[in-house]
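Remarks on the structure that follows.
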Amino acid sequence: MLEIKNLHASIDGKEILRGINLTVKPGEIHAIMGPNGSGKSTLASVLTGREGYEITQGSISFENHNLLELAPAERAQAGIFLAFQYPVEIPGVSNIYLLKAALNAVRKAHGLTELDAMDFLSLVKEKLNLVEMDQDFLYRAVNEGFSGGEKKRNEILQMAILEPKLAILDETDSGLDIDALKIVSHGVNALRSPDRSMIVITHYQRLLDYIIPDYVHVLSQGRIIKSGGRELAKELEAQGYGWITEKNTDTENKTQ
Amino acid sequence: MSQAALDTLISQEYKYGFVTDIEADTLPCGLNEDVIRLISAKKNEPEFMLNWRLQAFRHWLTMKEPHWSSTHYSPIDYQAISYYSAPKLKNRPKSLAEVDPKLLQTYEKLGIPLHEREILAGVAVDAVFDSVSVATSFKGKLAELGIIFCSFSEAVKEHPELIEKYLGTVVPHTDNFFASLNSAVFTDGSFVYIPKGVRCPMELSTYFRINAANTGQFERTLIIADEGSYVSYLEGCTAPMRDENQLHAAVVELIALDNAEIKYSTVQNWYPGDEEGRGGIFNFVTKRGLCRGIKSKISWTQVETGSAITWKYPSVILEGDYSVGEFYSVALTNHRQQADTGTKMVHIGKNTRSTIISKGIAAGHGQNAYRGLVKILKNATNARNYTQCDSLLMGEHCGAHTFPYIEVKNKTAQVEHEASTSKISADQLFYCQQRGISTEDAVSMIVNGFCKAVFRELPMEFAVEAQKLLGVSLEGSIG
């Protein structure tokens, strides 16, 4: 589904990603962990095509298409969804309006007709239950005045409606209390399916108690320095990032 | 409409010899008292009307063209204008094939029916449209309620007593350079009178969209809402209109008596010129409402997207105690457009209230200025004003300017002013794009959100059109 090969990316001439290799197959959940500044959010930005990043080397293929050739909206239409770490506020635009515009844009790209208002509303109502949100949310301006937890639930609501093939959750657990974390995780787990893959970016292992990954990768200084099963997350929790990153620096020094 | 039908339609006008008739009805360029006498005579006006025009003209001769706004344009030669001219058909495009294709694309995007597109683009077609008969039947209904809704010329003939009583009571013939010029030479416009206690059952002018296209260069509108009455009036059209006349200097006067309410909504989308601003219209308008009675209310809502230069300040004079004035405005400037617009709220009566919500959007090389005056006079005890003035910038070459003036002469007044300037953020755009929404749709969505507080004041169908219009007007403004 997704194949990242030797990906190098920089901002303002500064190299952030320095040779990422990652393959994600349908239905798999990959967790990407790492200390601050390791390049986790940059990876999410590069995958979704945010402006300001320069790809200097490497390739990304998504469903056998060259992802780097697609505009951000086309990537979204192709089925890539990013749950933002900091969802932005859009004053005056109601949540339901954005949802409907998004869903219809994606449907249109796939040659489907737009949903009419009734069908759309019943779909949205069903998905609202998933993240335990009131209908009031739909008529408030996008993320305006939302609490941290409400913003993240809203991201999962959008994901539930757009039904992406690949969902990238960027620090979805940050700023959540335990109750909100449970609701969000429940929503995400309900969306697991054999043909939907996820990349879960997180700093803490806590989220991975609720969203159980198939693989865990540790990112440090723009490279994946260790990969393993979910038990790797536990080790990190117990010992911190230090033991791997140091080990990694040691190896690097030795090879040099 | 098929090409064949179109051709038939076009050839029809020659059959009736429409062109020659009209051409004979055009005065040579230039302005003097004889011209004014001629205009008045051609319209069979009563004596008082001619005298009023002449007074205005004599006053105008003593005035200088004002230049205090923050707009820039080359000098206007007032002697090079023909002051009485039926539509000039000679220079008009003969079919849609001769019209700027960009204009046609815009009509298509706005969903304007084909036969209307020809009128709007100024194609020389003389055809009778359904709307005329619609107009007539509605006029009948209005007449049953005692509502007068007719052209200004008709009102001068049929209801001279009302014209004589109210004309110039809000915008006197000495008011300002352009208003004086208008008073001297105006050729037509609209007149509305709502009798006591009558609530006008429909939005006036919705059904007259096409007819309104030909109101001319110096338009005069007078609306009177008698005690306890209500009227909602819509002016303008969302489609960009081509016009031969570069200078437009209209005057609109509104008068609300005790407990009466007037809601006046405008969508102004005159031809803004090409991307370099060539050929665009100068729109210098004087619009003012007088809340004469107690608890009267006047509300202006405007969406300004057209014209090369827009210069106007729909204002309210709050004379009656407890009267209410409102001003809701969206002004958009793209390419080389300039807008200097805002309002004046003059509080004279006690417990008067006013609200100003202004949203300015500047894109391309557009320059957008809000200029507003809130004036609380000595006797206006407990007057209140709330002003909110927001600007949205798109790109690096545009500008937004705010000039709020506040004069308070009564200690009990409460005046609030809030202002903000923002840019469409890259984060907002990316957020929408990441949800699959194209850049242009995302821009349009964000801008419409910014304008929501104003759009919700527009009558429903107008609001929908206005939203579409903003989207179209901003196309290509973000790379």
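We did not get these values from a lab; they are worked out from the coordinates using the rules stated. These numbers come from a predicted model, not from an experiment. All Cβ positions, glycine included, derive from the backbone under ideal geometry; neighbour counts span all protein chains shown.
May I ask you to evaluate 6.51 cos²θ - 1.76 cosθ + 1.60, the Karplus curve with θ = phi - 60°, for each residue of the range B:141-151 and list the ³J(HN,Hα) values in order in whole Hz, giving x for glycine and proline?
With the stated coefficients, the range B:141-151 comes to 4, 5, 4, 4, 8, x, 7, 9, 9, 8, 6 Hz.
Which shape class applies to the range A:1-143: rounded if a/c is under 1.5, otherwise prolate when a/b exceeds b/c and oblate if not, where a ≥ b ≥ c are the square roots of the Cα gyration tensor eigenvalues?
Working: a/c = 2.13, a/b = 1.75, b/c = 1.21.
Prolate, since a/c reaches 1.5 and a/b exceeds b/c.
Quick check on packing: order A:214-222, B:405-413, A:47-55 by the mean number of other C-beta atoms within 10 Å, highest mean leading. Could the numbers behind the result be given before it?
Working: A:214-222: 20.8, B:405-413: 13.8, A:47-55: 16.1.
Packing proxy ranking, top to bottom: A:214-222, A:47-55, B:405-413.
Which of the GluC sites (Glu not before Pro) found in the range A:119-182 are loop residues per DSSP with 16 or fewer other Cβ atoms within 10 Å of their Cβ? Mind showing how you got there, number by number?
Details: sites: A:E126, A:E132, A:E144, A:E150, A:E155, A:E171; in loops: A:E132, A:E144, A:E171.
Answer by residue number: A:E132, A:E144.
Which whole-Hz ³J(HN,Hα) couplings does the range B:436-447 yield from phi under the Karplus relation 6.51 cos²θ - 1.76 cosθ + 1.60, θ = phi - 60°, glycine and proline marked x?
Result, ordered by residue: x, 8, 5, 4, 5, 5, 5, 4, 4, 5, 5, 5 Hz.
Restricting to bridges with both residues inside chain A, how much of the DSSP beta-bridge set is antiparallel, in percent to the nearest 5?
Values: 25 of 43 bridges.
Antiparallel bridges: around 60 percent, rounded to the nearest 5.
Sort out for me the Cα centre separation of the range A:167-216 from the range B:435-470, rounded to whole Å.
When both Cα centres are located, 35 Å separates them.
In peptide A:95-104, how many Cβ atoms from other protein chains are near each Cβ within 10 Å, on average? Let's see the in-between values first.
On the way: counts 0, 0, 3, 7, 1, 0, 9, 6, 2, 3.
Other-chain Cβ atoms within 10 Å of each residue's Cβ, averaged: 3.
Give the residue from B:T333, B:V285, B:I317 lying farthest towards the positive end of the charge dipole for the range B:285-382; charges sit on Cβ (+1 for Lys and Arg, -1 for Asp and Glu) and the dipole is referred to the Cα centre.
B:I317
Given 0.36 nm per residue, what is the gain on full extension from A:E237 to A:E63 after removing their alpha carbon distance, in nm? Spell out each step's value before the answer.
Values: separation 174, 0.36 × 174 = 62.64 nm, distance 3.38 nm.
Taking 0.36 nm per residue and subtracting the Cα distance, the gain is 59.3 nm.
Taking the Cα centre of chain A as origin, work out the dipole magnitude from +1 charges on Lys and Arg Cβ and -1 charges on Asp and Glu Cβ, in debye rounded to 20. Don't jump to the answer; show the numbers that get you there.
Values: 27 positive and 35 negative charges, 88 e Å.
Computed charge dipole of chain A: roughly 420 debye.
Less than 18 Å apart at the alpha-carbon level, and either on another chain or at least 8 residues along: which lysines does that give for B:K411?
Leaving aside lysines fewer than 8 places away in the same chain, those within reach of B:K411 are B:K350, B:K375, B:K378.
What shape does chain A have by the C-alpha gyration tensor, where a ≥ b ≥ c are the square roots of the eigenvalues, rounded means a/c under 1.5, and otherwise prolate means a/b greater than b/c and oblate the rest? It would help to have the intermediate numbers written out before the result.
Values: a/c = 1.99, a/b = 1.52, b/c = 1.31.
Note, shape of chain A comes out prolate.
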